[in-house]
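See below for the structure under consideration.
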Amino acid sequence: MHSTATTFLELGGVLFSLGILGHLALRVGISPIPLYLVGGLAFGHDGLLPLGASEEFIGVGAEIGVVLLLLTLGLEYTAGELLSGLRKQARSGVLDLVLNATPGVAAAFILGWGPTAAVVLGGVTAISSFGIIAKVLGDLGRLGNRETPVVLSVLVLEDLAMAVYLPILTALLAHHSLARGSLTVAIALGVLVAVLYVALRHSDKVTRLVFNPSADRDDEVLLLRALGLALLVAGLDRRLQVSSAVGAFLVGIALSGPVAEGAQEVLRPLRDLFAAVFFVFFGMQTAPADIPPALLAGSLLALAGVVTKVMTGWWAARSAGIGTMGRFRAGAALVARGEFSIVIAGLAVAAGIEPKLGPLAACYVLLMAIIGPLAARFVEPVTRAARGRLSRP
């Protein structure tokens with residue numbers, strides 16, 4: 001009884017605090033994500049108000065938050081739009097991975113950590129946060145912008161690359177044989193291809209499975225089936241070491257027509273709740289005491305990461321024929337790093353690769369998770385001001 005009461009008290013305090021932080025963010029005119037992350041620092045083990053009884057529940061809620069963010073994002077687009085975007089942005093995806101992995105690889109060698117740590121830190125710096133970016137695009141009302149499909153195509157290509165990278169990294173850290181590592185990669189790719197094929201070729205069947213307007217007339221049915229299917233696919237992906245985010249995104253892509261519109265409406269309150277929990281939990285994973293020693297290296301790495309992501313977004317949007325402002329918006333949208341980077345660093349720390357890698361990765365990701373939403377919010381006024389100055393005689 002005492003444990004349940006403590007859990008309720010902690011959860012109530014966290015959610016009420018998030019409401020206050022969200023209100024402050026709206027008054028200032030920024031995304032609430034940076035404030036949620038800072039709030040997470042306060043609720044972590046070494047924070048001002050550390051949580052105990054509710055931490056496990058918040059962790060599960062955070063995972064659900066990622067699934068809901070990507071599911072509702074996928075509902076905004078059709079399978080045809082996704083396939084077209086992937087074809088057009090293949091070269092941009094390769095450029096993205098090369099440009100953004102390079103700072104991490106270089107930093108590992110400069111710090112003398114060796115090739116395995118370089119593979120890890122390259123992955124940490126390469127992958128943007130699908131969850132944070134989905135939330136920011138929704139908050140800023142940019143889901144209908146011309147550059148948004150370009151951003152999503154780059155993110156999906158990153159996740160597909162993760163399907164290859166994560167099994168290889170896991171095998172490398174565990175010192176598995178080449179044959180076993182190759183089998184893991186093959187299974188991961190097979191699952192992704194299967195989910196992508198169903199989303200692209202059998203969207204109508206998936207839609208009828210979730211909701212049949214002639215037989216189902218209750219929003220509750222739509223909510224339970226859509227969320228249940230997304231969690232099932234995400235769980236299967238996680239079991240097979242594939243990104244659960246891309247699985248949930250593809251479930252959203254597979255749903256179409258009035259069903260997709262209805263699912264957006266019934267899922268939105270749940271998405272907002274669990275997304276806030278996700279960002280708090282993300283901040284809780286960073287010990288405040290670990291930040292100062294890694295702040296200089298993390299800041300330099302963050303600066304490089306901002307530049308390389310803006311270059312990626314600029315190139316991708318330019319190749320799609322989008323104007324200057326849209327190119328900068330695409331670049332700024334891609335800046336945020338998040339859940340994947342933490343997972344990658346966590347694998348390396350658990351394997352005992354390099355003790356200083358964890359604090360550096362945590363500092364870097366926290367900085368990028370805060371800078372990303374701010375960059376997306378202020379990229380337009382900054383770009384206009386810069387262009388105005390350059391146009392003056």
Please state which of the following conditions ALA263 fails to meet, knowing it meets all the rest: (1) touching a helix residue (DSSP H, G or I) at 6+ places or on another chain (Cβ under 9 Å); (2) surrounded by fewer than 19 Cβ atoms within 10 Å (Cβ to Cβ); (3) at pLDDT 80 or above. (2)
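Table: residues versus (1) surrounded by 22 or more Cβ atoms within 10 Å (Cβ to Cβ); (2) aromatic (Phe, Trp, Tyr); (3) free of Cβ contacts under 8 Å to residues at least 24 places away in the same chain.
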position	(1), (2), (3)
GLY12	no, no, yes
LEU18	no, no, no
ILE33	yes, no, no
GLY39	yes, no, no
PHE57	no, yes, no
GLU63	no, no, no
LEU68	yes, no, no
THR72	yes, no, no
Among the numbered criteria (1) surrounded by fewer than 20 Cβ atoms within 10 Å (Cβ to Cβ); (2) assigned to a helix (DSSP H, G or I), which one does VAL124 miss? (1)
Please verify whether SER299 is of a type in the set (Ser, Thr, Tyr) and more than 17 Å from the chain's Cα centre (by Cα), treating the condition exactly as stated. yes
Any pair with Cβ under 8 angstrom, 6 or more apart, that starts in the range 97-111 at a residue that is over 13 Å from VAL124 (Cβ atoms) and ends at one that is open to solvent by less than 40 Å² (accessible area, probe 1.4 Å) and among the β-branched types (Val, Ile, Thr): LEU99/THR308; LEU99/THR312
So ALA118 fits all but one of (1) of a type in the set (Gly, Ala, Ser); (2) assigned to a helix (DSSP H, G or I); (3) under 30 Å from GLY352 (Cα atoms); (4) free of Cβ contacts under 8 Å to residues at least 12 places away in the same chain; what number is the exception? (4)
Filtering the range 144-175 down to residues that are assigned to a loop (DSSP other than H, G, I, E, B) and at pLDDT below 85, which residue is least open to solvent (accessible area, probe 1.4 Å)? ALA174
Pairs only if they're at least six apart or on different chains, beta carbon under 8 angstrom, first in the range 362-382 and free of Cβ contacts under 8 Å to residues at least 60 places away in the same chain, second of a type outside the set (Lys, Arg) and in a helix (DSSP H, G or I); list them, first residue then second. VAL379/PHE328; VAL379/GLY331; VAL379/ALA332; GLU380/MET325; GLU380/PHE328
Inspect the range 43-55 for any residue being farther than 17 Å from LYS135 by Cα, open to solvent by 40 Å² or more (accessible area, probe 1.4 Å), at pLDDT 80 or above and part of a helix (DSSP H, G or I) and give the result as yes or no. no
Among the residues of the range 89-110, is there at least one that is closer than 30 Å to PHE378 by Cβ, at pLDDT 85 or above, of a type outside the set (A, V, I, L, M, F, W, C) and not in a helix (DSSP H, G or I)? no
Which pairs turn up if I take residues in the range 286-307 that are part of a helix (DSSP H, G or I) and look for partners that are surrounded by fewer than 17 Cβ atoms within 10 Å (Cβ to Cβ) with beta carbon separation below 6 Å, at least 6 apart in sequence or on another chain? PRO288/ASP46; ALA289/ASP46
Could you tell me how many of the residues in the range 332-361 are closer than 28 Å to LEU137 by Cβ and surrounded by fewer than 19 Cβ atoms within 10 Å (Cβ to Cβ)? 2
Being aromatic (Phe, Trp, Tyr) and under 23 Å from ARG142 (Cβ atoms) is the filter here, so list the residues in the range 55-111 that pass it. TYR77
For the range 266-309, how many residues meet the condition of being farther than 25 Å from TYR364 by Cα and open to solvent by 40 Å² or more (accessible area, probe 1.4 Å)? 6
The residue that is nearest to LEU160 (Cα to Cα), considering only those in the range 80-113 that are in contact with an Asp or Glu (Cβ under 8 Å, 6 or more places away or on another chain) and open to solvent by 20 Å² or more (accessible area, probe 1.4 Å), is LEU97
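The values are calculated or read from the model by the stated rules, or taken from the named source; none is laboratory data. Values in this document were obtained by computation on a predicted structure and should not be read as measured data. When we count neighbours, we look across all protein chains shown, and the Cβ atoms used for this are built from the backbone with ideal geometry, even at glycine. Ligands, DNA and RNA are stripped out before the accessible areas are found, and what is left, the full protein with its side chains, is counted by its heavy atoms. Shrake-Rupley method; radii C 1.70, N 1.55, O 1.52, S 1.80 Å.
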